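In what follows, a single structure is set out as structure tokens and then discussed.
Taken together, the values in this text are just the output of simple stated rules run on the coordinates, not laboratory data. Owing to the predicted nature of the structure, the values given are computational and were not obtained by experimental measurement. Because the Cβ atoms are built from the backbone with ideal geometry, glycine has one as well, and the counts that use them run over all protein chains shown.
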């Protein structure tokens, strides 16, 4: 297949969408498909780079216009100079709408990572008054229109979890027949136990004798970091926590940790380099995912499991889908601080070396890209075949 991929985020950005978009493209190219990716410009990296059968075109410019509008215009501008392709794969509604305006004769496949309108509605009621809250109010109706257009114009809608399927079908019930489940994956070579927990703690300067929790989260309202800090206030004094990642609420979290009296046991690490991120996963007795809303897949969850680290999460979004097949006790009963506390204590009691091995084996079996990419390949190939069939007219509308 000749596949045009468009994404508003791409490696070396580190978020779930960037990881999935980048790694799926690389894996498909490794299976012999000819992949061209339209991605944002990155200072210091070439505008065009070829890696085997993958061509990365870093051409999407960012400027004063909101990304909700700019990515549509930029994708249209640059995609129109390319082709032909067998299938068009868009990670997000802005790039899908941008591709749909070009007139390329190929099926449009929309990867639905999250509902941006839902996220903005959630955030705008929880952010303090200021620029970020105003932007959330302004962008919500724009993203709602773009999502509706993307769903309507797509031949197929890919979701990474049954939870995401439920949101998509609730908001766009007329498109339920176009939804196709694929899985996210993880680079099990990079995210691995490597030389073990103690070696990672030595490199990071973490006390080898303390029980140690890690979370990798953006400091934003839906991530549940306030609840995790509340759980730390209820947990024993020999348990410490590292919060890896930055964001809008970093200063607020710092003040909250002081107010709760846990600042001596909580380390707000901020953003880290990729190699260091691997060590934070390995160093933990437990990884904690305290999300309170909209966990469409949970990339950090599978990265931790691939590193051999057990994960405790809240019963939100796709987290139960990922963790319950491994052990139901890893999912807290609720997303509040007392429920997280109970789940963390219980998991610390059974998460021994043998269980860490089970976590690694589970990730290898279910989430390694070598296994997962076959699902994506099949979804794309079926999209191509369906548009060649006279029975596919309803999907092509």
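General observations
- Percentage relative contact order, the chain, counting C-alpha pairs under 8 Å, at least six apart: 15
- Rounded tilt (10° steps) of 353-367 against the dominant C-alpha axis of the chain: 10
- Contour minus Cα-Cα distance for residue 69 and residue 149 (0.36 nm per residue): 27.5 nm
- When the Gaussian network model of the chain links Cα atoms closer than 10 Å, the mean-square fluctuations of 50, 267, 58 top out at 50.
- The C-alpha atoms of the chain define a longest principal axis, and helix 369-388 lies at about 20 degrees to it.
- Dividing the helix sum by the residues of the chain, where each DSSP H run of 4 or more adds -39500 (n - 2.57), gives a mean residue ellipticity at 222 nm of -14000 deg cm²/dmol.
- Segments 152-162, 94-104, 238-248 sorted - mean Cβ within 10 Å per residue, highest first: 94-104, 152-162, 238-248
- Taking every alpha-carbon pair under 8 Å whose residues sit at least 6 apart, region 186-242 reaches a relative contact order of 36 percent.
- Only Cα sites of region 197-367 enter the Debye sum here, all with the same form factor; the resulting log10 I(q)/I(0) across q = 0.09 1/Å is -0.25, listed in q order.
- Helix 250-260 axis, angle to the chain major axis (alpha carbon atoms, nearest 10°): 30
- Working from Cα pairs under 8 Å separated by at least six residues, relative contact order for region 197-367 is 23 percent.
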